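Heads up, the thing below is written out as structure tokens.
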Amino acid sequence: MPTVPSPSRRHLLMGGASVIAATAAPAWLTPALAQRSLRPTPSQSEGPFYPVALPADNDFDLLRNGLATYGKGQPAWVEGVLTDTRGVPVSGAVVQIWQCDQAGHYHHPGDGGKADPAFQGFGQVTVGRDGRYRFRTLRPAPYSGRTPHIHVKVQLDGQDLLTTQLYVAGDPGNERDFLWRRLNAEGRAALTVPFVPGADGARATFPIVVLA
């Protein structure tokens, strides 16, 4: 005849089963866990001025191109952490930025070769285990038809994970910019950040979330 567990033992067995069931529950049964997922950074068009070939000097410092130093405009630091939607740093990914010089010209044959040779105009860094990236560059300047912005691309193993654009919070040109106006409120908040003045240049913090 089978032995019936005592009330106290039955309570422990049921409690243990509940713990196991909760632990094994799939993600769609645990809304609290699903809510922790981060929203990917909105994508935007690459634009016409992505480099045809990467420049010889393509490091994090866009204010130095070889031996030349760019002294126009306002220096700025753009930095942040690159993660996936779970908040895990995407180690080994490459973050690229490119932008026009203070006069509104890109290093690109389609822009007539008018860009200042002292301005690097493009930079890239590979993020480590902490997912952090950092660039020394120029607070973005406007050019005909566009509000100030910086182009951003993220690649991993040669594949594009994200292409987007970064905007300056409070810039009066944003409301007139056709790409910025296409963003909803959430997209604008994700791509528009303050450039806070500092002793060694303005600072902008831009967290990037990708599907990886």
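For segment 181-199, the criterion of a residue being without any contact (Cβ under 8 Å) to a residue 40 or more places away in the chain, among the polar types (S, T, N, Q), in a helix (DSSP H, G or I) and within 22 Å of E79 (Cβ to Cβ) is satisfied by no position. Does segment 168-180 include one or more residues that are farther than 22 Å from V125 by Cβ, modelled with pLDDT of 95 or more, of a type in the set (G, A, S) and in a helix (DSSP H, G or I)? No: zero hits.
Scanning segment 148-175 for residues that are surrounded by 12 or more Cβ atoms within 10 Å (Cβ to Cβ) and more than 15 Å from the chain's Cα centre (by Cα) yields P148, A169, D171, G173, N174. Figure legend. Inter-residue proximity from segment 153-166: first residues without any contact (Cβ under 8 Å) to a residue 60 or more places away in the chain and in the same structural domain as D177 (by TED's automatic domain parsing), second residues surrounded by 13 or more Cβ atoms within 10 Å (Cβ to Cβ) and assigned to a strand (DSSP E or B), beta-carbon distance below 7 Å, spacing 6+ or different chains. Indicated pairs: D160/K153.
The values are calculated or read from the model by the stated rules, or taken from the named source; none is laboratory data. What you see is a predicted model, and the numbers here were worked out from it, not measured in a lab. Neighbour counts are summed over all protein chains in view; Cβ atoms, including those assigned to glycine, are modelled from backbone coordinates with ideal geometry.
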